[in-house]
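Asks: Below is a structure I'd like to ask you about.
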């Protein structure tokens with residue numbers, strides 16, 4: 001008998017429901033607590049992504065896996081406005097079961113497209129040198145490492161990588 005199940009598909013869309021917001025929180029808490037400790041700024045963004053990212057003029061995107069009629073959020077990323085024409089790529093996470101399949105790359109591409117649509121001239125981010133695969137992924141999109149004199153103080157103790165991508 002032939003297999004009639006639909007293939008799994010991943011779509012990327014705006015955070016739309018409380019289930020999405022909960023997935024944004026849990027996906028990020030999982031990776032942060034795996035490698036680091038939750039910090040006050042983490043709690044602020046994760047506790048209210050609409051209030052701290054979307055309502056000020058940013059966006060939260062989620063990657064949804066649809067398989068056999070069910071949808072699961074497997075990844076997310078935020079774009080938080082930081083200054084006129086500048087957004088910060090924040091809280092990117094992909095479920096460990098779905099890493100290595102291009103979801104992170106698709107989330108970054110979608111976030112950069114959204115940033116351009118929002119009129120961004122640049123996108124910045126902070127990361128940690130211990131997250132080498134993430135840093136390499138950002139580099140592959142053209143993000144450059146900031147020189148020490150370009151780095152603003154960070155609310156994160158773990159942030160030792162500071163990057164920027166000029167869009168215009």
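Asks: If every alpha-carbon in region 89-168 counts as one equal scatterer, what log10 I(q)/I(0) does Debye give at q = 0.14 1/Å?
Replies: -0.48
Asks: Just to be sure I understand: with springs between alpha-carbon atoms less than 10 Å apart, which residue in 23, 109, 80 has the highest mean-square fluctuation in the Gaussian network model of the chain?
Replies: For the chain, modelled as a Gaussian network with Cα springs under 10 Å, the answer is 109.
Asks: Using alpha carbons only, how many degrees (0 to 90, rounded to 10) separate the axis of helix 18-35 from the longest principal axis of the chain?
Replies: That helix lies at roughly 60 degrees to the long axis.
Asks: Specify the angular offset, from 0 to 90 degrees and rounded to the nearest 10, of the alpha carbon long axis of helix 103-117 from the longest principal axis of the alpha carbons in the chain.
Replies: With both axes taken from Cα atoms, the answer is about 60 degrees.
Asks: A further question follows. If you wrap the chain's Cα atoms in a convex hull and average its projection over all directions, what's the area in nm²?
Replies: Working: hull surface 42.8 nm².
For the chain, the mean projected area of the Cα convex hull comes to 10.7 nm².
Bear in mind that the values in this text are calculations on the coordinates, not laboratory data. Just so it is clear, the model here is predicted, and its values are computed rather than measured.
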